[in-house]
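Inspection log for the structure reproduced underneath, given as structure tokens.
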Amino acid sequence: MPNAKLMTSKPTDQQFKGPYQKPLAELADLIDWLESKHDKSFVKAGDDKVFAFGGNGYVLVLDESTWKGLIELFTPKGAVSIKPDGDSLTVQGSSQDEKELKAMLLDGIGGLRSYYENRYWTTPQTA
């Protein structure tokens, strides 16, 4: 996959702009933390590896290209989709209100972090 930013690259390389800058930066930190600290497996969707993290009603789905592909976040309050649009990202969801979309993003980030922080096991570091 030439020029693709795979999940193994650091999301902190991504620069966010616009009204969703803060929640997207927090989501990038969450993705980096989940990818590095928690076990994962993938399913194949066409040529892509698709990863899903979730529990307690919160689900994050993304492919191996992370910010160059579709990212979906599902919460009990609604869903948010983040997809590339040229050099920027488009954020859409079950609400079109910017304030509600930000709240759903932050709720999903908090819900996933809480779920994974409170599990009774962690993935051992091997290297």
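The values are calculated or read from the model by the stated rules, or taken from the named source; none is laboratory data. Being a predicted model, the structure only gives us computed values, none of them experimental. Positions of Cβ are backbone-derived with ideal geometry, glycine not excepted, and every protein chain shown enters the neighbour counts.
Any idea which residue in segment 76-108 is surrounded by the fewest Cβ atoms within 10 Å (Cβ to Cβ), counting only those that are touching a strand residue (DSSP E or B) at 6+ places or on another chain (Cβ under 8 Å) and under 15 Å from G57 (Cα atoms)? Lay out the reasoning, then the answer.
Just the residues of segment 76-108 that are touching a strand residue (DSSP E or B) at 6+ places or on another chain (Cβ under 8 Å), to begin with: 76, 78-84, 89-95, 100-101, 104-105, 107-108.
From what is left, the residues that are under 15 Å from G57 (Cα atoms) are 76, 78-80, 104-105, 107-108.
Numbers: P76: 11, G78: 16, A79: 15, V80: 27, M104: 24, L105: 22, D107: 18, G108: 28.
Only one residue fits best here, namely P76.
Filter segment 84-97 down to the residues that are within 16 Å of G108 (Cβ to Cβ) and not in a loop (DSSP other than H, G, I, E, B), then identify the one that is modelled with the lowest pLDDT.
Here the answer is L89.
Restricting to segment 62-79, and then to whatever is assigned to a strand (DSSP E or B) and in contact with an Asp or Glu (Cβ under 7 Å, 6 or more places away or on another chain), can you tell me which residue is farthest from G111 (Cα to Cα)?
Restricting attention to segment 62-79, the residues satisfying the condition of being assigned to a strand (DSSP E or B) are 62-63, 71-75, 78-79.
Within this subset, residues satisfying the condition of being in contact with an Asp or Glu (Cβ under 7 Å, 6 or more places away or on another chain) are 63, 75, 79.
Values: D63: 20, T75: 8, A79: 13 Å.
Among residues in segment 62-79 that are assigned to a strand (DSSP E or B) and in contact with an Asp or Glu (Cβ under 7 Å, 6 or more places away or on another chain), the one farthest from G111 (Cα to Cα) is D63.
Could you please find all residues in segment 21-48 being of a type in the set (K, R) and either in contact with a strand residue (DSSP E or B) (Cβ under 8 Å, 6 or more places away or on another chain) or modelled with pLDDT of 85 or more (or both)? Quick ask: steps written out before the conclusion?
Keep residues of segment 21-48 that are of a type in the set (K, R), which gives 22, 37, 40, 44.
Result: K22, K40, K44.
Taking interchain pairs and intrachain pairs at least six residues apart, which have beta carbon atoms under 8 angstrom, with the first residue in segment 62-80 and under 15 Å from V50 (Cβ atoms) and the second of a type in the set (K, R) and in a strand (DSSP E or B)?
Pairs found: D63/K49; E64/K49; G69/K83; L70/K83; I71/K83.
Identify, please: which residue in segment 40-75 is among the β-branched types (V, I, T) and buried (at least 20 other Cβ atoms within 10 Å of the Cβ) and is, among those, nearest to the chain's Cα centre (by Cα)? If you could, list the steps in order and put the result at the bottom.
Narrowing segment 40-75 to residues among the β-branched types (V, I, T): 43, 50, 59, 61, 66, 71, 75.
Subsequent filtering for residues that are buried (at least 20 other Cβ atoms within 10 Å of the Cβ) retains 66, 71, 75.
On the way: T66: 8, I71: 6, T75: 12 Å.
Of everything passing the filter in segment 40-75, I71 is nearest to the chain's Cα centre (by Cα).
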